[in-house]
1. With every protein chain kept in the model, how would you rank L493, L521 by accessible area, 1.4 Å probe, largest at the top?
2. At 7 Å along Cα-to-Cβ for each site, give me the label-to-label distance between L667 and L158 in nm.
3. Within the accessible area of segment 701-759, what % is carbon and sulfur when the probe is 1.4 Å and the other protein chains stay in place?
4. Which entries of K520/K701; K83/K105; K516/K701; K672/K701; K166/K467; K430/K495 have Cα-Cα distances beyond 24 Å here?
5. Whole number please: convex hull volume per residue, Cα atoms of segment 660-701, in Å³.
6. Modelling each spin label as a point 7 Å along the Cα-to-Cβ direction, I'd like the D477/E46 distance in nm, to one decimal.
7. Take D492 and F82, extend 7 Å from each Cα along the Cα→Cβ direction, and tell me the distance between the two endpoints in nm.
8. I'd like the FRET efficiency for T726 and R509, computed as 1/(1 + (r/R0)^6) with the beta carbon distance as r and R0 of 30 Å, rounded to 0.05.
Amino acid sequence: MRTTRSRGRSHDDIDVLAPSNRGAAGDRAIRHGDNARLTTLAQRSELPPRVRALLSGLLERTRSHFLGVLPRTLDEIESALFKLAERAGSNALQQERFASLREIKPNHALITSRFLGHVEATLALIRSTTEPVVHAQTSSAARAELELVDSSVLEEDLALQEIASKSEIRNSQGLYALSHRLGVLAGSAVSTNELLPLGPVQLVEALRESLRGIDLGVEARVLAYRQFDRVALLPIAAFYQSLNTYLAEQRVLPNLQWQAAGKPRVGGDGGREPLIEQVAQEAFAKQGSAPAPPIHEVGDAELFGTLRHLLADRRRGAGIEHSRSSMAAPASRDDLQSVLSLLQRSPDARAKSAAAVYDSGHFREDLLAQLRRAGPHGDGLQLAEEDADTVDLIGMLFDYITTNVREGSGARSLLSRLRVPVLRVALGDKTFFTRRNHPARELLNTIAETGARWFDETDSDADLSRKMQMVVDNVGDDFDGDLSVFENLLGDLGKHMELLARRAEVAERRHIDAAKGRDKLDVARDTARAAITRVIQGGSPSPLVRALLEQAWTDALALSALRHGSDGVEFKRRLGVAIKLARHDAATSAATDETLRQELNTGLRQVGLHTDDINGVIAGVFAQPGTADATAAQQADHVDNLLKDKVRLGGESAAAPAAPTPAPIPLSAAEKAMLDRMRTIPFGTWFDFVQNQQGASVRRKLAWFSTVTGRCLFVNQRGVRSEDRTLEQLARDMARGQARMVVAEDTSLIDRAWKAILDTLRLNGSAGTQEVTA
């Protein structure tokens, strides 16, 4: 048996390095490293039959998928290790890499078995009290106890965290749906991404566990994780789609819709646009030709030509042709790029682009004016037909996307400043029209969607504004034909947006937890208040006792209901105290029943009264008969003032008079129907709320609502709590047209812009390149 080197970790490594950590984390690591001790679905006989059947169906599809993927992954790992060994700079390094290769080769079946066993365990632990499978990322607390573990462990953790995070971002839509559907099977709240069975974190954890005990160095392990990311996780969207399709067909949230309107896209699948294929088909049909060839057989120039053809048809239908000057020569592409470069960097041009009324028509006039002054011998230059079409199409694109950004927003001026650099790209590279992952197109889409979704009148984000300003400034200053400028800035902005999205998620979760706590408190207080009302109605308490029961003791009773439920022993015991106090013989009972005094003391202390105040309350409530009227009145006033000044449970002041509650207006039939619908919508649905008579709206996300009280929690794009509403109020607003659900968009803003441009080009009777409306 070979001696385990410090490069990898085995079970013995954990025993030696962290004998004191053989509790939760250590035991889990050992258990998960041994498939014989992992939980299986067959062992979960207590699960409901339908849940077991659905989990078995998921497991069957997972096995089928990864039995095909894992062998390819292991082959790629071996191939990569072999290439690294051949390129090794020293004999020792080469031998180490070949040793790692020899460890992988004979263990394909073992690695596959361990991987699938770990994956099955994540499914089998649904509805179990057993602690979920550990994260791929080692916690800081656990790492602090493993002080003797070298930095290779941290390197593995960081690699796995990066791989899992990227996969979560790429597959956010599928994971959103899968987490909600698995939440139904689990009968619990939606799992976080870290604990989601079959999610990226658990899949990379499964790979780590399948390699545990195999003598690999950190270089080989990280390489294995990278190959798994490339071969298994990069194309995994189809796998998640198949799982969601299966569960939907089995009637598990069949109507669930993707509702995340938050995160701007920073990438694409690299494929050509379905819209462009539609344009090509229509253009071929207009010409009376055979159907257009498949999209991959049509060149970029030909696709751009179909757009030009539709644009020319529109001009002919309107009786408009390109304006031509007999004295002006067509500008060469170099001349045009030079003129646009001057416009791009001109301070005057920048100031114009920031103007609210600056659109494609104004830009075209400025460009033609510059060309007229740029020709030799004072004759001027004019746009060639293809270049003029490009200018018109880019102008229509910018007119559309700026209408989707709030008027007066700083994002509008930023977008306008990108007009010239994007036009320069489109003039020289017609793949801008057809490639979804074109860097200039992706950057434009990211800034446009960010401006449309992350900015509104009531919220501002100085950091985001500065970041977008910096990106646009760098494009204007640095771009001169090199697309890497767009690529680098896109990556920088993308990281910033991912950080904002994560912050928003954390903030939203905090608000949800707080809202759930407030809702539970309100239910407990309502329960306590109703119980005290019944007690008072059944007795004849003095004014002082009544004040105590309705204020401090209601809080004490609510606290018991909150902690142990209204059926708990403590709640019933404190309710008994209230019943005794409400009777006429309260003072007599108190003289002989020391338990009553102790219960009062404990309850009042728990709701925030100090010892002296508690003694004063008890003395006032249990004043013996025969006490002088003046003294009794003085005690009563003191206790009454004390109770009024006390802050109530949950933070409200007892002294504040309760606002009169108007009688609720009955819901109309339409509002009742809308309320029934609102009770079934998933958390995460976005709504647009009309703000004024001009129709201005603000977008808010329904993060959570209570099925008991109907209280809703709305947050903005950054996860910050917004105005409060109830489900009834939301239903009324929906029925009256003051609120509307946002339909989840399957395409980017740029895609929708091209679709709108296509619709506009069909209107051959309309003149010119008028503004495209949303």
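The values are calculated or read from the model by the stated rules, or taken from the named source; none is laboratory data. Given the structure is predicted, the values throughout are model-derived calculations rather than measurements. With ideal geometry, Cβ positions are generated from the backbone for all residues, glycine too; neighbour counts draw on all protein chains shown. Just so you know, the surface numbers come from the protein's heavy atoms only, side chains and all, with ligands and any DNA or RNA stripped out. Shrake-Rupley method; radii C 1.70, N 1.55, O 1.52, S 1.80 Å.
1. Result of the area sort, largest leading: L521, L493.
2. Spacing of the two 7 Å Cα→Cβ label points: 5.4 nm.
3. 47 percent
4. K430/K495
5. Numbers: hull volume 5.8 nm³, N = 42.
It comes to 139 Å³ per residue, whole-number rounded.
6. Here the modelled spin labels are 6.5 nm apart.
7. 4.2 nm
8. It comes to 0.85.
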